[in-house]
Amino acid sequence: MQIKPLSPDVSVAQQILPEDVPAAAAAGIRTIINNRPDGEAPDQPDSAAIEAAATAAGLAYCHIPVVPGRMTQDDVAAMAAALRELPRPALAFCRSGTRSAQLWALSQAGNCDAAAIIAAAREQGYDLTALAGALAGKG
């Protein structure tokens, strides 16, 4: 598991496994956010397995499943609420980390500078330039 920090209190990762959760907790993570729908791939653990591992490790858990290419404003609002209400630092994950990075970025629109959001994601290998208009409040 490679944890990629986007801000001091939000990181993303590609698919994590239940056995990765104790290492996330040891790294200081306090909340796991799963942005992957169950059944997206045959080899992925289901949400319940990761939630059980998070609970066993004393972490909060939230499932905001986003179908690739079908992110909605409700998904963004759910991510913003999770980041506002759940303990941080938080680790959000999906298949590659891209959806989670996009959700984080869009949840920060209006609160943070769009260029800074894009730069933070770029430093971790995520190109969010296509979201520039939405992040600047124009999209």
Given (1) touching an Asp or Glu at 6+ places or on another chain (Cβ under 8 Å); (2) open to solvent by less than 40 Å² (accessible area, probe 1.4 Å), number of the condition D38 does not satisfy: (2)
Number of the condition not met by A13 [criteria: (1) of a type in the set (A, V, I, L, M); (2) closer than 30 Å to A134 by Cβ; (3) free of Cβ contacts under 8 Å to residues at least 60 places away in the same chain; (4) open to solvent by less than 60 Å² (accessible area, probe 1.4 Å)]: (3)
Long-range neighbours under 7 Å by Cβ, at least six apart or interchain, first residue among the hydroxyl-bearing types (S, T, Y) within segment 54-76, second surrounded by fewer than 16 Cβ atoms within 10 Å (Cβ to Cβ): Y61/T55
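Considering only segment 29-49, I want to know if a residue exists there that is more than 11 Å from the chain's Cα centre (by Cα), closer than 25 Å to A116 by Cβ, assigned to a loop (DSSP other than H, G, I, E, B) and modelled with pLDDT of 95 or more.
Yes: one or more hits.
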Checking P65 against (1) in a helix (DSSP H, G or I); (2) modelled with pLDDT of 95 or more, the condition it does not meet: (1)
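Just need a number here: residues in segment 78-114 that are part of a helix (DSSP H, G or I) and free of Cβ contacts under 8 Å to residues at least 12 places away in the same chain.
3
The values are calculated or read from the model by the stated rules, or taken from the named source; none is laboratory data. Note that the structure is predicted; figures quoted are calculated from it, not measured. Here the Cβ is made from the backbone with ideal geometry for all residues, glycine too, and neighbour counts use every protein chain on show. The protein model used for the area step is the full one, side chains on, heavy atoms only, and it has no ligands, DNA or RNA in it. Shrake-Rupley method; radii C 1.70, N 1.55, O 1.52, S 1.80 Å.
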